[in-house]
Every structure is written in structure tokens, then in C-alpha cells.
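Novice: Before I ask anything, let me first share the structure, which is written out below as C-alpha cells.
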Amino acid sequence: MTNSTEETGIKSILLITALFSIFVIFLIMAFIFVEGWPAFADYGFFKFLLGLKWDPNNNIFGVFPMIVGSLYVTFFALLLAVPLSLLCAIFMAEVAPNNIRKFLKPVIETLAGIPSVVYGFFGLMVIVPRVRTTFGGTGFSIFASGIILAIMILPTIISVSQDSLKAVPNSYREASYGLGATNWQTIRKIIFPAALPGIVTGIILGMGRAIGETLAVIMVAGNVSQIPSSIFAPVRTLTSNIALEMGYATGLHYNALFATGVILFIVIMILLLITNYVQRKYKMDVGGGTL
Amino acid sequence: MDKIRSENLNVYFGDAHILHDVNLKMPENSITALIGPSGCGKSTFLRTLNRMNDLIPTFHHEGNVYLDDTEIYDDNVDVVNLRKRVGMVFQKANSFPKSIFENVAYGLRIHGIDDEDYIKQKVELALKSAAIWDEVKDKLDQSALGLSGGQQQRLCIARTVAIEPEVILMDEPCSALDPISTLKIEDLMTELKKEFTIVIVTHNMQQATRVSDSTAFFLNGQIIEHGPTEELFVNPKEEKTEEYISGRFG
Ligand SMILES: Nc1ncnc2c1ncn2[C@@H]1O[C@H](COP(=O)(O)OP(=O)(O)OP(=O)(O)O)[C@@H](O)[C@H]1O
Ligand SMILES: [Mg+2]
């Protein structure tokens, strides 16, 4: 009797906590949507979404270059970071002897704790000048932002991937070696696929961090609101757009910045839906195996 | 003829001396059972025969293991090839999180076979010889993890049979199974020994008497007695053996 009262008590506490956090998130979302609404209603949703020019002084608010900018920068960062961090995670989880692993793990975790302004400063002083001398232009570019973001998301993807590789049961390894598989075959065909759901989660987290990162990107991207002509051209992202102008925006301009937030939200949702779909489809292709 | 034999085999994990001077001959096309109380080193011995213990960093050994008169711990022995020749079925069914078909095909693929028709034939043959074909033939593309424990264990046997090893090592293959699945696997072993040499660890005395041709009794890392199964069970020479098989300790 007491036991079941306790059970119900715990259940309702958990329920209330969960509902409360959902409520808070919902409140924030509602606020952003409400504040952004005039930009869609008065200015026109498609004019806002697909407009190529952003000129607040003349009340022109086209956010399309920033959408392209955010996607470019995020994908370039993933392109650099994913292969590198997967190889690193595989090395740490499967190949490295214990003492090297014990040394590397805290190093990588520390990397995750460095504030973004430090990465931005590094980019500004080290990457941007080198891009300028090597490839021409100002150096403020997709290229420089992608490199900085890649470095910033490495620790996330490495840690999560490594944990999910480590979580693959040892019995799979033994079964594979027992059939005469080599080290590499076992990693590639058994351990990696088994860990893939977790690895994809790590990549999604990295992607979220890359698309959301603001400060470091502002410092190296150049922030010109224009569809970039090449990877070495300057770029402005959705988050940069909000951060750069929120200090002085009023009226429709103010609403347009919240609307930029709404667009960012939608872009992230779409990316999540795509990865989710790919993940599920892949799972079915390998025979429905899960951990 | 002896297919595989150990000579004065001593095994250590770090400082712990696990196996002491183990001499055992396992004849071709026969079933050798290893019995003994928990922790006496049966699994360790078995895993020495396909160098599975190499995966444990603290492992080292003295003495010899011969497969067809080749010393398997020689420097020029290819471990990958050795494990192909000496297959292993583990205590707990460890099917891969792949389809039933791919579980069996895996061993073939890693050994360089890519002719899909040939793989199909081989998979079917292996599943048939592990007495599980009828139960899975309509769902080969479904995940192996959806099978029952007994079915998964037979799938693991099929997976081992598919790569056509010469020796099959089985570490308590029936410990998690019900009596009916156990009998199926025992029948299977009797069938398999026509082609393979089998070494099995078991805690089940009846099982040892039912399937094996010879039995070795391990105690504290030593072989106390070894001989034809019937003789060892009916007429044990050592007092310890007598005590163990009559259930007075262990
Ligand atoms: N990886 C290892 N590192 C250190 N010691 C080990 C390791 N594996 C086994 N041992 C030790 O070796 C001894 C023999 O273990 P083993 O697993 O071979 O026993 P077993 O006869 O198979 O027992 P069971 O019937 O319970 O399976 C035990 O004392 C065990 O603690
Ligand atoms: Mg054991």
C-alpha cells in the first residue's frame, strides 16, 4: 500500500518536472514567434525568406544569404570534422594502448571546455592571416569559419563516438576475431555499424553546435550579408545576423531579427528530420540491428 | 590421429599461474569433453587453442600447442588463418546485430568470398547443418537478435560451420538453453564430428557422457584424469574424479 503511494508520488513528481521544462521551452518558442510575427505578416513571409538583400536602413529584410551562409559554414565544418573525429574516436576506442587513451581523453575533454571567444581569437590571429596570404581576399571567409567550427566540434563528436564504440559489447569483438577476422575488418564491419546510432547522435550534436555558434564565427567570417561567391568569400550566418544588430534594432528591424531566429529554428528542425530519416533508413538496411 | 594437442602448457595472466603443465591430446573426428569445477581453467585452456587469449594483454604462456604438428604459437603462424581453422562457439550466444543471413555470410565475406550465389549456397548449407534452417528460412533478412536464445546459439554454430574450420571449440554451448534445444545441439555435435574435431566444455555430466568420446577432468588448472568417457565415468582412477562426478564437490 505504502509502496504504491510512493510509486505514484515519484511518478507525479517526474511528470511535473518534465511538463515544466516543456512548458519553459514552449514559452521561449512562443515569445520568439510572437516577436518575429510582424516581420512575416507586414513584410511578407516569402519576401523575407527568399529576399537576397538585407538593408535595415531602408527597411529591406531578405534573410536568404544568411540561410545559405549558415548551411555553408556548418557543412564545411562537418566535412572537416567528421572524418577526423571518427578516425580519432576509433583510434582511441579500439587501437590506442591504455596509457595513451588515458592521456588523450582529458585533453579532448578540456578542448570542449575552452570558451568560444578563445577559438575566435585564435582564428582571427592565426587562421585568417594565413588564408589571406595563401588564397587571397581578406581572409575572412567560409573557409576560416569552417576550420574554427571544425576544431570546436571535434571534441563533441570524438567523445560521443568514442563512448558509443566502447559500449559495443565485447562479445561482438570476440565473435568476429573467433571467425578469423582481422582487427580492421572487425572495426569496419562489426563495431562501427553497431556503434553507428550513437555516432550519428554525436554528429548531430556537433552540427547543432556549429550552426548555433555565434561569437567565434563573427570574429572570422567577415559578416557580409551576401550570398558568398566562393569558399574564400566572407559570409554572414543567421546567428551572427541576430548578434550583430540586436544592440540597436527597433521597430520592424527588431521583429526581423526575431524572425531570423524563427528561420534558424526551422532550419535546425529540417536538418534534424533529415538525419533522423537517414538514421532510420540505415538501421533497416543493416537488418534492424540495434544495441 | 591427434588433431590438436598441448604439451606442458602453462598459462599465466600477469602473475597468476592459471594452467599447470597441461598435456592433452584431442583426436581427429572425435568429441573431447572438458569438465571440472568453476574457475579451474577450462575456458582458459580452450581459448589457448585458437589464441583467443592473445586479446588479453596480461596473457603469456609456456609449452606448446600443436595443430597437425604445427606449433600454433610459432612466430610465423598467421593468427587469422589459425582462427579460421579452429572455430569457436561461445558460452553466451553472440550473434551480430545483423540479419540472420549476414550473420552466417560474414565469415565467408571476411575471407574474401564475394560470389553472392556461392555465399547463398554456403549459408543455406550451414544453417541446415546447424539444424536451424527450417526455423529461419522464411526470415533470413530479419535481425538475428529477434531469435530465441537457443536459436541464436544454433545460428552461432552455423556461422562457425560456414567457414569450414577443422576444429570447433565450444564453451558451455548449452548452458543457457532448455532441454529440447540442448538435445538438438547434442545431436548436432554427433553429426558434426564426422567432419570436424570438437572440444567442448560442459558442466553437465550427462551431456559429457551422452556426446563425448573422451573426457578430461580439470582441477585447479591441472588435468587430474583423462581417458575414454565411459571409463572415466564408470571407473575413475583418481579419487578426486570420483568425488567430482558423483557430485560431492564442485
Ligand atoms: N582475463 C583474465 N585475467 C585474469 N585472470 C583471469 C582472466 N580470465 C580468467 N582468469 C582466471 O583464470 C582462472 C580460470 O578461469 P576460467 O574462465 O578458465 O575458468 P573455467 O574453468 O572456465 O570456469 P567456469 O566453469 O566458471 O567457466 C580463474 O581463476 C579466473 O579468475
Ligand atoms: Mg568457463
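The values are calculated or read from the model by the stated rules, or taken from the named source; none is laboratory data. Everything numeric in this text was worked out from a predicted model, so none of it was measured. As a convention, Cβ positions derive from the backbone with ideal geometry for all residues, glycine included, and neighbour counts pool all protein chains shown.
Novice: Considering only residues of the stretch B:106-124 that are within 11 Å of chain A (Cβ to nearest Cβ) and either of a type in the set (S, T, N, Q) or not in a loop (DSSP other than H, G, I, E, B) (or both), which is surrounded by the most Cβ atoms within 10 Å (Cβ to Cβ)?
Specialist: Residue satisfying both the conditions and the ranking: B:Gly107.
Novice: If I go through the stretch B:40-82 residue by residue, how many of them are among the aliphatic types (A, V, I, L, M) and either in a strand (DSSP E or B) or more than 9 Å from chain A (Cβ to nearest Cβ) (or both)?
Specialist: 7
Novice: I'm trying to understand the selection: among the residues of the stretch B:138-150, which are over 21 Å from B:Ile119 (Cβ atoms) and either part of a loop (DSSP other than H, G, I, E, B) or more than 12 Å from every other protein chain (Cβ to nearest Cβ) (or both)?
Specialist: If the condition is that a residue be over 21 Å from B:Ile119 (Cβ atoms) and either part of a loop (DSSP other than H, G, I, E, B) or more than 12 Å from every other protein chain (Cβ to nearest Cβ) (or both), then B:Ser148, B:Gly149, B:Gly150 are the ones that fit.
Novice: Limited to the stretch B:4-31, what total is found for residues that are away from ligand 1 (no atom under 15 Å from the Cβ), acidic (Asp, Glu) and not in a strand (DSSP E or B)?
Specialist: Result for the stretch B:4-31: 1.
Novice: Taking the stated definitions as given, is B:Ile168 outside any helix (DSSP H, G or I), within 13 Å of another protein chain (Cβ to nearest Cβ), under 21 Å from A:Ala181 (Cα atoms) and free of Cβ contacts under 8 Å to residues at least 24 places away in the same chain?
Specialist: No, not satisfied.
Novice: Would you mention how many residues in the stretch B:171-189 are part of a loop (DSSP other than H, G, I, E, B) and farther than 23 Å from B:Leu108 by Cα?
Specialist: Residues that pass the stated criteria total 6.
Novice: Do we have A:Ile190 as buried (at least 17 other Cβ atoms within 10 Å of the Cβ), in contact with a Lys or Arg (Cβ under 8 Å, 6 or more places away or on another chain) and among the hydrophobic types (A, V, I, L, M, F, W, C) here?
Specialist: Yes: the conditions hold for A:Ile190.
Novice: A follow-up question, please. If the Cβ limit is 6 Å and pairs must be 6+ apart or interchain, which residue in the stretch B:46-66 that is closer than 21 Å to B:Phe217 by Cα pairs with which residue that is polar (S, T, N, Q) and within 16 Å of ligand 2 (Cβ to nearest atom)?
Specialist: B:Arg47/B:Asn53
Novice: Still on this structure, I have one more. Please give the number of the condition B:Asn29 fails out of (1) touching a strand residue (DSSP E or B) at 6+ places or on another chain (Cβ under 7 Å); (2) under 24 Å from A:Ser176 (Cβ atoms); (3) away from ligand 2 (no atom under 16 Å from the Cβ).
Specialist: (2)
Novice: A further question on this structure: Would you please list the contacts, defined by Cβ atoms under 6 Å and residues six or more apart or on different chains, that run from a residue in the stretch B:194-205 that is touching a residue at least 60 places away in the same chain (Cβ under 8 Å) and farther than 17 Å from B:Leu67 by Cα to a residue that is away from ligand 1 (no atom under 12 Å from the Cβ) and of a type in the set (Asp, Glu)?
Specialist: Sorted first by the residue in the stretch B:194-205, then by its partner, the list stays empty.
Novice: Okay, moving on. So is A:Ile231 under 23 Å from A:Val126 (Cα atoms), away from chain B (no Cβ under 14 Å) and not in a helix (DSSP H, G or I) or not?
Specialist: Against the criterion (under 23 Å from A:Val126 (Cα atoms), away from chain B (no Cβ under 14 Å) and not in a helix (DSSP H, G or I)), A:Ile231 qualifies.
Novice: Please tell me if A:Ala112 is within 21 Å of the chain's Cα centre (by Cα), assigned to a helix (DSSP H, G or I), farther than 16 Å from A:Val235 by Cβ and of a type in the set (Gly, Ala, Ser).
Specialist: Against the criterion (within 21 Å of the chain's Cα centre (by Cα), assigned to a helix (DSSP H, G or I), farther than 16 Å from A:Val235 by Cβ and of a type in the set (Gly, Ala, Ser)), A:Ala112 qualifies.
Novice: Suppose we filter B:Asn94, B:Asn103 for residues that are farther than 16 Å from B:Glu195 by Cα, at pLDDT 95 or above and either touching a Ser or Thr at 6+ places or on another chain (Cβ under 7 Å) or away from chain A (no Cβ under 14 Å) (or both); which single one remains?
Specialist: None of the other options fit; the residue is B:Asn103.
Novice: How many residues are more than 16 Å from ligand 1 (Cβ to nearest atom), within 30 Å of B:Asp68 (Cα to Cα) and not hydroxyl-bearing (Ser, Thr, Tyr) when one looks only at the stretch B:154-178?
Specialist: So the count comes out to 14.
Novice: A further question on this structure: Determine if the stretch A:146-168 includes at least one residue that is part of a loop (DSSP other than H, G, I, E, B), within 30 Å of B:Ile56 (Cα to Cα) and within 14 Å of another protein chain (Cβ to nearest Cβ).
Specialist: Yes - at least one qualifying residue is present in the stretch A:146-168.
Novice: Take the residues in the stretch B:179-212 that are away from ligand 1 (no atom under 16 Å from the Cβ), closer than 21 Å to B:Pro27 by Cβ and of a type in the set (A, V, I, L, M, F, W, C); name whichever of them is surrounded by the most Cβ atoms within 10 Å (Cβ to Cβ).
Specialist: B:Ile198
Novice: Find the residue count for the stretch A:219-256, including only residues that are touching a helix residue (DSSP H, G or I) at 6+ places or on another chain (Cβ under 8 Å), of a type in the set (A, V, I, L, M, F, W, C) and surrounded by fewer than 22 Cβ atoms within 10 Å (Cβ to Cβ).
Specialist: Looking only at that region, the number is 10.
Novice: Checking B:Glu135 against (1) touching a helix residue (DSSP H, G or I) at 6+ places or on another chain (Cβ under 7 Å); (2) within 23 Å of B:Ser212 (Cα to Cα); (3) more than 11 Å from chain A (Cβ to nearest Cβ); (4) assigned to a helix (DSSP H, G or I): exactly one of these is not met. Which one?
Specialist: Condition not satisfied by B:Glu135: (2).
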